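See structure below.
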Amino acid sequence: MYGHAERVRGPGGDVRPIVLLNLFVDTPSATPQAGNPLTGLLPFFLIFAIFYFLVIRPMQRQRKTQQKMLSELQNGQTVVTSGGIVGAIVAINDDETLILRVKPDNVKLQVARSAVSSMIQQGEVKK
């Protein structure tokens, strides 16, 4: 087994077992068996697979839907920027910028197309 027990006398004269481990003794039964070296890497592959399916793949899907939404922007749509500004698109420029009209003062702002975080459907706008 892994060790053997010796019996010694304690301070009260009682017998107590002491377990000695033979970790560094070279015995024929303690030789390691040759196994597949890939079994040691299996936990790393499992961790990477879990990380891929829980983190990387959802981020790629979200980025894809965001790019699709940005490419489908049109005049008149109401959008929310990453800074929280809600406005209607007045114009889409060739240099990847948008002109937004922000109510109630009809202020026009020029923002980058990539600053748009979401579109608001017509029924969602609160006045």
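Laboratory data are not the source of any read-out in this text; all were calculated from the coordinates shown. These numbers come from a predicted model, not from an experiment. A quick note on method: Cβ atoms are made from the backbone with ideal geometry, for glycine too, and the neighbour counts reach across all protein chains shown.
For the reader, a short list of remarks on this structure follows.
- Residue tally, condition outside any loop (DSSP other than H, G, I, E, B), without any contact (Cβ under 8 Å) to a residue 24 or more places away in the chain and among the polar types (S, T, N, Q), over the stretch 73-93: 0
- Flag if Val55 is touching a Lys or Arg at 6+ places or on another chain (Cβ under 9 Å) and either loosely packed, with under 11 Cβ neighbours inside 10 Å or among the hydrophobic types (A, V, I, L, M, F, W, C) (or both): no
- The stretch 94-127: number of residues that are surrounded by 12 or more Cβ atoms within 10 Å (Cβ to Cβ), of a type in the set (A, V, I, L, M) and touching a residue at least 40 places away in the same chain (Cβ under 8 Å): 3
- Within the option set Gly35, Gly84, being more than 30 Å from Lys108 (Cα to Cα) and exposed (fewer than 10 other Cβ atoms within 10 Å of the Cβ) holds for one residue only, Gly35.
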